[in-house]
Amino acid sequence: MRMIFLGKTSFHLLVVPLLRCMSDCDHSVRRSVTHSFASLVLFLPLARGVSPPPGLSECLLSRSSDDVEFLEQLVDNSRIDDYNVPTELKVTLRRYQQEGINWLAFLKRFNLHGILCDDIGLGKTLQASTIMAFDIVELRTSNNSEDPPSLIICPSTLVGHWVYEIEKFIDASVISSLQYVGSSQERVALRSQFQNYNVIVTSYDVIRKDFEHLIQMFWNYCVLDEGHIIKNAKSKITCAVKQLKAQHMLILSGTPIQNNVLELWSIFDFLMPGFLGTVRQFQATYGKPLAAARDSKCSAKDAEVGVLAMEALHKQVMPFLLCRTKDQVLTDLPEKIIQDRYCDLSPVQLKLYEQFSGSHVKNEISTMVQSNETETETWEGEGKDASKTSSHVFQALQFLLKLCSHPLLVIGGKMQDSLLRISPDFYHFFLGFMP
């Protein structure tokens with residue numbers, strides 16, 4: 001019993017030094033430290049309220065007190081003090097947004113990484129942009145070196161939105177943002193301008209194509225918007241993203257788990273590799289018990305084991321998740337009303353869809369898509385093996401998805417040249433809809 005008591009009283013003396021090493025530049029050190037911390041984090045609740053061990057020097061007692069306070073805040077984020085804002089914003093923060101920034105600043109201070117899981121519409125973009133801006137101001141105050149660059153990765157349709165939000169809420173003297181998108185040639189030219197900006201905003205598609213260049217840089221912040229995109233640990237995008245190196249990792253997602261608990265493992269494998277063990281260890285510890293407990297015909301024992309697995313997983317990951325819903329933070333809002341509205345395709349979209357659906361022009365459209373560096377590269381063809389055919393089907397679906405969002409996503413910025421190459425008749429048809 002005395003060994004257990006000593007372990008509890010000196011618990012914080014072990015945990016906090018580990019946390020300070022979880023962002024080490026050496027990947028092997030980071031993985032080893034993260035794995036060790038994962039073994040201790042389950043005991044965080046046991047260390048709360050325990051007095052420091054006897055015989056500590058005054059210096060160690062002071063450090064012990066700070067460490068205890070840190071662990072209290074890690075377990076209960078409501079105890080985190082308000083962050084002293086180092087610069088003014090162009091917007092007045094709501095109270096829950098200030099609390100979100102307090103939490104992000106807490107993670108930044110201790111080089112931790114986390115997932116902001118607020119509901120859509122609560123300002124995840126604003127909170128992430130704000131903490132990056134505050135960090136830039138603090139770094140400028142502490143040293144005179146150049147601003148370390150940060151990287152924001154989001155779906156293609158949100159790149160412009162991110163830049164707009166940053167310019168709307170953050171002063172241009174603090175954050176200068178660059179949209180790293182476009183064709184291969186355009187992106188090569190943009191890479192030479194990276195040193196003129198401190199925030200680079202790009203898409204997951206671009207990361208998949210240009211990761212060999214981007215992994216050569218060490219980023220200050222690496223923010224994944226709609227981070228559940230990396231839920232498949234074996235996808236090319238996920239593998240590319242996990243090779244990036246950054247001081248601070250942050251994921252924004254309203255739905256970190258969409259289908260099964262293994263998706264959470266993939267997300268944390270980006271944030272803190274080794275924190276949830278290997279995929280086999282995670283599946284054995286959490287995945288299988290939870291899957292068995294969800295079975296309608298499971299036994300009482302399986303249900304109990306599933307509950308225990310869920311509680312253990314909850315204790316391990318919750319210190320690194322901040323999840324709030326609208327009804328929790330905006331009580332003055334009425335209940336959500338969902339209305340389905342159907343939108344017809346525009347004439348340009350309809351014409352592109354008709355041309356795509358016709359087999360005689362698929363090759364022409366494929367050539368056009370290739371020239372503009374979109375996701376689609378080839379289309380389904382005869383004589384291909386099953387895996388190639390499956391790949392082409394998904395590429396075709398990706399093309400249609402982008403076409404429904406906006407035709408520029410599939411034919412690039414030089415719309416008139418692309419349309420003229422497909423069909424002169426369609427080119428003149430399109431001109432009739434030009435403003």
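Numerical summary
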quantity	calculated
Every pair of residues 6+ apart whose Cβ atoms lie under 6 Å, when the first sits in region 110-133 and is in contact (Cβ under 8 Å) with a residue 24 or more places away in the chain while the second is charged (D, E, K, R) and surrounded by fewer than 22 Cβ atoms within 10 Å (Cβ to Cβ)	D118/R324; D119/K326; T125/E165
Candidates K301, K242, K315, filtered to the one that is modelled with pLDDT of 90 or more and not hydrophobic (A, V, I, L, M, F, W, C)	K242
Candidates A312, A292, filtered to the one that is over 23 Å from I207 (Cα atoms) and touching a Cys at 6+ places or on another chain (Cβ under 6 Å)	A292
Residue in region 55-66 that is in a helix (DSSP H, G or I) and at pLDDT 70 or above present	no
Which numbered condition E311 misses (of (1) farther than 12 Å from H228 by Cα; (2) of a type in the set (D, E); (3) touching a helix residue (DSSP H, G or I) at 6+ places or on another chain (Cβ under 9 Å))	(3)
Odd one out for K108, checked against (1) open to solvent by less than 20 Å² (accessible area, probe 1.4 Å); (2) in contact with a helix residue (DSSP H, G or I) (Cβ under 7 Å, 6 or more places away or on another chain)	(1)
Residues of region 295-309 classified as surrounded by 13 or more Cβ atoms within 10 Å (Cβ to Cβ) and not aliphatic (A, V, I, L, M), total	4
Looking only at region 117-162, and only at residues there that are over 25 Å from V241 (Cα atoms), assigned to a helix (DSSP H, G or I) and of a type in the set (A, V, I, L, M), the one that is least open to solvent (accessible area, probe 1.4 Å)	V137
Long-range neighbours under 6 Å by Cβ, at least six apart or interchain, first residue open to solvent by less than 80 Å² (accessible area, probe 1.4 Å) and part of a helix (DSSP H, G or I) within region 71-93, second among the aliphatic types (A, V, I, L, M) and at pLDDT below 80	V75/L44
Strands (runs of 3 or more DSSP E) fully within region 193-293 counting 2 or more residues that are open to solvent by 20 Å² or more (accessible area, probe 1.4 Å)	245-252
Answer from I215, I153 - the residue that is touching a strand residue (DSSP E or B) at 6+ places or on another chain (Cβ under 8 Å) and modelled with pLDDT of 95 or more	I153
Close pairs from region 401-414: first modelled with pLDDT of 80 or more, partner in a helix (DSSP H, G or I) and open to solvent by 70 Å² or more (accessible area, probe 1.4 Å), Cβ under 7 Å, at least 6 apart	L403/Y353; S405/T157
Residue among V174, V163, V159 that is within 15 Å of the chain's Cα centre (by Cα) and modelled with pLDDT of 90 or more	V159
In region 177-187, residue surrounded by the most Cβ atoms within 10 Å (Cβ to Cβ) [restricted to those that are under 22 Å from C239 (Cα atoms) and at pLDDT 90 or above]	Y180
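The values are calculated or read from the model by the stated rules, or taken from the named source; none is laboratory data. This is a predicted model, so every value here is computed, not measured. Positions of Cβ are backbone-derived with ideal geometry, glycine not excepted, and every protein chain shown enters the neighbour counts. Ligands, DNA and RNA are excluded from the accessible area calculation, which covers all protein heavy atoms including side chains. Shrake-Rupley method; radii C 1.70, N 1.55, O 1.52, S 1.80 Å.
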